[in-house]
Amino acid sequence: MRRKALLIHCVTRRLAACLTLITLLFTGLTQGERMVMTALEHLGQPYVFNTAGPDRFDCSGLVLFAAAREGLPALPHAAKELYHLGRPVALHALLPGDMLCFDTVRDSDPSDHVGFYMGGNMFVHASSSKRQVTVSALEGYYLEKCTGARRLGCAYI
């Protein structure tokens, strides 16, 4: 019974990610949504520390790659520095393309992991634990570790 519940949970999360993607494809895309789409184009590509694409990424490298494609100025390749860029956004006001920041090691740095909010309580990121670019739900572990969100550039033009 537990395996069935886990399977249903996984399928539901993947369905939510697919629905978000379909919604983005059939509407006029904002700059933030285009950054999400760029990140999603690289799903499954390997996580490699200190890389920024085009065929392997670490978490901040994925953000840099997608932001550069949208013409944003060069960003630092460090999650702890990205945390201070853009403007803060409350979690209840997230829009696709907002950068989520996480403190997964609970040290003095406010962020050691980043990803892009997709909508539907989902985000895309280069996961060191999954060893690839992936989609995760902003709940449980990730919600607990989330230290904030930032809106980069003019992501909603």
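Please work out which one of (1) outside any helix (DSSP H, G or I); (2) under 13 Å from residue 152 (Cα atoms) is the condition residue 124 fails and give its number.
Condition not satisfied by residue 124: (2).
If only one of 125, 92, 77, 84 is over 22 Å from residue 28 (Cα atoms) and buried (at least 23 other Cβ atoms within 10 Å of the Cβ), which one is it?
Just one listed residue meets the conditions, 125.
Do we have residue 65 as outside any loop (DSSP other than H, G, I, E, B) and in contact (Cβ under 8 Å) with a residue 24 or more places away in the chain here?
yes
Could you run through segment 28-62 and say how many residues are at pLDDT 90 or above, of a type in the set (Val, Ile, Thr) and in a loop (DSSP other than H, G, I, E, B)?
1
The values are calculated or read from the model by the stated rules, or taken from the named source; none is laboratory data. Since the structure is predicted, the reported quantities are computational estimates derived from the model, not experimental observations. Here Cβ is always computed from backbone atoms with ideal geometry, including for glycine, and neighbour counts include all displayed protein chains.
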